[in-house]
Amino acid sequence: MTSALRANKLAKTFRKPFMGTRVEAVKGVSFVVETGEVFGYIGPNGAGKTTSIKMIVGLIFPTSGTASIFGTRAPSPEAMSRVGFLPENPYIYPYLTPREFVSMCARLSGVSSSDLSRKVERVIDRVGMTEAIDRPVQALSKGMTQRVGLASALVHDPDLLILDEPMSGLDPIGRKDVRDLILDERARGKTVFFSTHILSDVETLCDRVCILKKGEVAVSGKLDELLANTSRVVEIALDGVSAQLRGKLSERGWSGKSMGDHFVLEVPAGPVVREVISAAYESEAAVVSVTPKRETLEKIFSRTL
Ligand SMILES: Nc1ncnc2c1ncn2[C@@H]1O[C@H](COP(=O)(O)OP(=O)(O)OP(=O)(O)O)[C@@H](O)[C@H]1O
Ligand SMILES: [Mg+2]
C-alpha cells in the first residue's frame, strides 16, 4: 500500500538578507507515515515541527528535500486535495460566522453545492460548535476558534489530516473530543499526522512517533517498539520493613521511598526482583505488590533532549 506521507531529507534554512544571519530550522528530516496510522510529531519549542509541516503543505519552499502524499509529489493540487490541514494558529476571518467560514473552505476544497450545507452543519456539530454556528468568529474564544479550524480541515472528508498542535487552547473536554475525533478518523481508515507537546496524548493515540531535536530526527519508530525496547523496571511495595532490612536493601543500592514501615522501591526487571522478595520474606516483611512498569514516552523524550 502507498504511504500516506513521506518526507525525504526535508531541510529549511531561513536567511535574513541584510543581517546575514541564518537559522537552520530543519536539517534533512525524513519519515514515513503509513496509510491508516496516527503519527505523532513531537519535539521541544523551536525544534522545527511547524517549519516541516509548512514545507509539506506548501506554505514555504524547502531549501532542499521533497515530500509526497499518497505517492504524489507534495504540495501539488492533486496531493493537497486529499489533505485536511489545521495550522498552528488558525486564522479565521473575524467577520464571518463558523457556518460561513467552513462553507467557504468546503467550496474551495471542491465540495459540491448540493451537499454543502448538510456537510457544514454535520462537521460543525462534530467539533461541538453547533451552538455558536452563526456567531461572528471574533466573538469566539481561543478554543472555539481552534474547533472551527478543525471543522474546516475536516469538511471535505480528507484521507490525510495534518494537524499542527490540534489540542492547543482546548479545555480537558475539548482535548478529549479531539482525541476521540482522531481515533474516529483512524477507525474510518483515514491517516492522521499531528504535532503536539502533550506526550500523554501521543502515548494514547499514536501508532508511530518522531521526536525532532534542533531540526533533526532524534528518535522515530513504532511507539510500541520504542517503549518495549526501553529498560523495564519493577516497583515493589513492602510493609513491615525493619530498619535492618532497609539498610540491607540500600547497601545493595536498592533505595526507595518509605512511610513508616511501608517501603516502595524500583528495581530493574530480572533476578533482582526475586532477591528483594527473598530478603523481605527472610526479615518477615510483607510483599504488598510487585508491579512491572513500562518506561513512559516522557522519559524517552527527556533522555533524547
Ligand atoms: N520565518 C522565519 N524566519 C526565521 N526563522 C524562523 C522562521 N520560522 C521559524 N523560524 C525558526 O525556525 C526554528 C523552528 O521553528 P518552528 O516554528 O518550526 O518550531 P516548532 O517545533 O514548531 O516549535 P513550537 O513547539 O514552539 O511550535 C526556530 O528557531 C524559529 O525561530
Ligand atoms: Mg510549532
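Considering only alpha-carbon pairs that sit under 8 angstrom and 6 or more positions apart, the relative contact order computed for segment 204-298 is 35 percent.
Dividing the Cα radius of gyration of segment 1-151 by its Kirkwood radius returns 1.02 for Rg/Rh.
Label-to-label distance, residue 59 versus residue 134, with points set 7 angstrom from Cα along the beta-carbon direction: 3.2 nm. Taking 0.36 nm per residue of separation and subtracting the current Cα-Cα distance, fully stretching the chain between residue 113 and residue 278 would add 52.0 nm. Proximity of backbone amide H atoms, modeled 1.01 Å from N, is registered between residue 234 and 267, 269, 293 at under 5 Å, excluding neighbours fewer than 5 places apart on the same chain.
What does the C-alpha gyration tensor say about the overall shape of segment 233-293? Classify as rounded when a/c is under 1.5, otherwise prolate if a/b is larger than b/c, or oblate. Because its axes are fairly even, with a/c under 1.5, segment 233-293 counts as rounded. Run lengths n ≥ 4 of DSSP H only: what is the helix-derived mean residue ellipticity at 222 nm for the chain, with -39500 (n - 2.57) per run over all residues, to the nearest 500? It lands at -10500 deg cm²/dmol.
In whole angstrom, the chain maps to an equivalent ellipsoid with semi-axes of 46, 24, 17, each derived as √(5λ) from the alpha carbon gyration tensor and ordered largest first. Taking θ as phi - 60° and the Karplus parameters 6.51, -1.76 and 1.60, the scalar couplings of segment 65-72 work out to x, 9, 9, 9, 10, 6, x, 10 Hz in sequence order, x denoting glycine and proline. Peptide packing for 161-172, 58-69 was compared via the average number of neighbouring C-beta atoms within 10 Å per residue; ordered from the highest value, the list is 161-172, 58-69.
Collect residues whose amide H, placed 1.01 Å from N in the peptide plane, falls under 5 Å from the amide H of residue 161; neighbours closer than 5 in sequence don't count. Answer set, sorted by chain and number: 84, 191, 192, 193. Note on segment 71-150: semi-axes of the ellipsoid equivalent to its C-alpha gyration tensor, largest first and rounded to whole Å, are 23, 16, 10. Which residue fluctuates the most in the chain, going by a Gaussian network model with Cα springs under 10 Å, if the choices are 292, 98, 158? Top of the fluctuation ranking is 292.
So in segment 5-228, what percent of DSSP beta bridges are antiparallel if you round to the nearest 5? Among the beta bridges of segment 5-228, antiparallel pairing accounts for roughly 60 percent. According to the Kirkwood relation over distinct C-alpha pairs, the hydrodynamic radius of segment 164-245 is 15.7 Å.
Taking other Cβ atoms within 10 Å as a rough exposure proxy, 86, 140 sort from fewest to most as 140, 86. May I ask you to derive the relative contact order of the chain, considering only C-alpha pairs under 8 Å and at least 6 residues apart, and to give it as an integer percent? RCO, the chain: 19 percent. Distant-in-sequence amide contacts of residue 74, defined by a placed amide H-H separation under 5 Å and a gap of 5 or more residues or a different chain, comprise 67, 68, 69.
All of the numbers you see were taken from the coordinates with simple rules; none came from a lab. Here the structure is a predicted model, which is why all the values come from computation and not from measurement. Heads up, the Cβs are rebuilt from the backbone with ideal geometry, glycines too, and the neighbour counts pull from every protein chain shown.
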